[in-house]
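Q: After the structure tokens below, expect a handful of questions from me.
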Amino acid sequence: QVQLVESGGGLVQPGGSLRLSCSASGFVRSIYSMGWYRQAPGKSREWVATVIGGRNTYYAESVEGRFTISSDNAKKAVYLQMNSLKPDDTAVYFCNLKMIKGAEGYWGQGTQVTVSS
């Protein structure tokens, strides 16, 4: 059993910053990738960013240049530094861990990010 716990969400004004963290526990044999997804009210969950092998990073076009993903595989943790936040970034953010390529992986319970003045 693998558990993921996100933290760091909250209310921030447009243009502000937040740093999300996600830590995994349980039987994690290996880590292929860790990533972040988000789901806004009334919308489907969408991919935000992924780090593969602890160093190759990929971003959705909507967050490229504003968000930075990083991970520490030894700590089984992934982070998302979010800068220049916009109201459209408001969503519940979920972290995801995959032990093998193509797997559904494991999900956290989510952390709310609200960008509003």
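The values are calculated or read from the model by the stated rules, or taken from the named source; none is laboratory data. Given the structure is predicted, the values throughout are model-derived calculations rather than measurements. Positions of Cβ are generated from backbone atoms using ideal geometry, with glycine treated the same way; all protein chains shown enter the neighbour counts. Just so you know, the surface numbers come from the protein's heavy atoms only, side chains and all, with ligands and any DNA or RNA stripped out. Shrake-Rupley method; radii C 1.70, N 1.55, O 1.52, S 1.80 Å.
Q: Applying the selection to the stretch 91-117, what residues are open to solvent by 30 Å² or more (accessible area, probe 1.4 Å) and under 14 Å from Arg38 (Cα atoms)?
A: Hits for the stretch 91-117 are Val92, Trp107, Gln109, Gln112, Thr114.
Q: Going by the structure shown, is Ser23 open to solvent by 40 Å² or more (accessible area, probe 1.4 Å), of a type in the set (S, T, N, Q) and either under 24 Å from Gln1 (Cβ atoms) or assigned to a loop (DSSP other than H, G, I, E, B) (or both)?
A: yes
Q: I'm trying to understand the selection: among the residues of the stretch 51-79, which are surrounded by 13 or more Cβ atoms within 10 Å (Cβ to Cβ), in a loop (DSSP other than H, G, I, E, B) and of a type in the set (A, V, I, L, M, F, W, C)?
A: Residues satisfying the conditions are Ala60, Val63.
Q: Name the pairs: first residue in the stretch 6-25 and touching a residue at least 12 places away in the same chain (Cβ under 8 Å), second residue assigned to a strand (DSSP E or B) and of a type in the set (D, E, K, R), Cβ to Cβ under 6 Å, at least 6 apart or on different chains?
A: From the stretch 6-25, the pairs are Gly8/Arg19; Cys22/Glu6.
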